[in-house]
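Everything below concerns the one structure shown next.
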Amino acid sequence: MKKITIIFITLLFFNALKAQEKRSIEEIWKNTESLIANKNYKKAIAELNKIIELNEKDARAYFLRGKLNATLKISNGCEDAKKAADLGLKEAKLVYDQYCGKPDKEDLKEKINNLENIAKQFPEKPEPFYNIGNLYFDNREYKKAIGYYNKAINIDENYSAAIFNKGVCKINLKEFENGCELIKKAADLGYKQAMKVIGKCNELIGK
């Protein structure tokens, strides 16, 4: 009986500690969000460090810490983005793939050559040109990407994905009005991603 009582008390103590830890993380998150809202990024990073200490599998904390480090130019944030992506955060994977996982030049050249060969075999298909455009886009070579998106659009003038990506390239090149026109066209063609961001695009050009 005495042994059962000790086990029961131990379990209660353990559960109380877990509950306290949970409350603690929630409180730290609340404070972190407040600090970010007030642009106090250094203190927010310190709070995120505490969250990660309490829960090393908090993908959101790693991702946000990486973004803040990149904002403050403390680091490029890629290590934290990779960690968050490995923990299953889709947004982190997209950011890592686009901004951190730049392909090796030789690897990029090989992929482009392979797609160029496919394009020669199937000249009526826009997809190879679109995919080459995406490779250049991921490598942040926006002018080259636009050239290949144009080739895809010349084959299929309603290729909404190519039109949208071309618009994003234009925005990255500071050609905001032209970029937003293309995004609007893609949205009008029913491209879901374009429909999601068209409002932000209108804000960008002051409509």
- Message: Restricting to the stretch 157-179, name every residue that is among the hydrophobic types (A, V, I, L, M, F, W, C) and either modelled with pLDDT of 95 or more or closer than 22 Å to Leu94 by Cα (or both).
- Response: Ala161, Ala162, Ile163, Phe164, Val168, Cys169, Ile171, Leu173
- So how many residues does the stretch 37-52 have that are surrounded by fewer than 19 Cβ atoms within 10 Å (Cβ to Cβ), over 17 Å from Ser75 (Cβ atoms) and under 22 Å from the mean Cα position of the chain (by Cα)? 2
- How many of the residues in the stretch 96-124 are farther than 30 Å from Leu64 by Cβ and at pLDDT below 75? 2
- Item | Yes/no for Glu181 being acidic (Asp, Glu) and either farther than 16 Å from Gly133 by Cβ or under 22 Å from the mean Cα position of the chain (by Cα) (or both) | yes
- Query: So which helices (runs of 4 or more DSSP H) are wholly in the stretch 56-95 and hold at least 2 residues that are surrounded by 13 or more Cβ atoms within 10 Å (Cβ to Cβ) and at pLDDT 90 or above?
  - Reply: 59-71, 78-86
- What pairs come up if the first residue lies in the stretch 36-53 and is outside any helix (DSSP H, G or I), the second is aromatic (Phe, Trp, Tyr) and exposed (fewer than 14 other Cβ atoms within 10 Å of the Cβ), and their beta carbons are under 9 Å apart, counting only those six or more places apart or on different chains? none
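The values are calculated or read from the model by the stated rules, or taken from the named source; none is laboratory data. Owing to the predicted nature of the structure, the values given are computational and were not obtained by experimental measurement. Note that each Cβ is placed from the backbone with ideal geometry, even for glycine, and that neighbours are counted across all protein chains shown.
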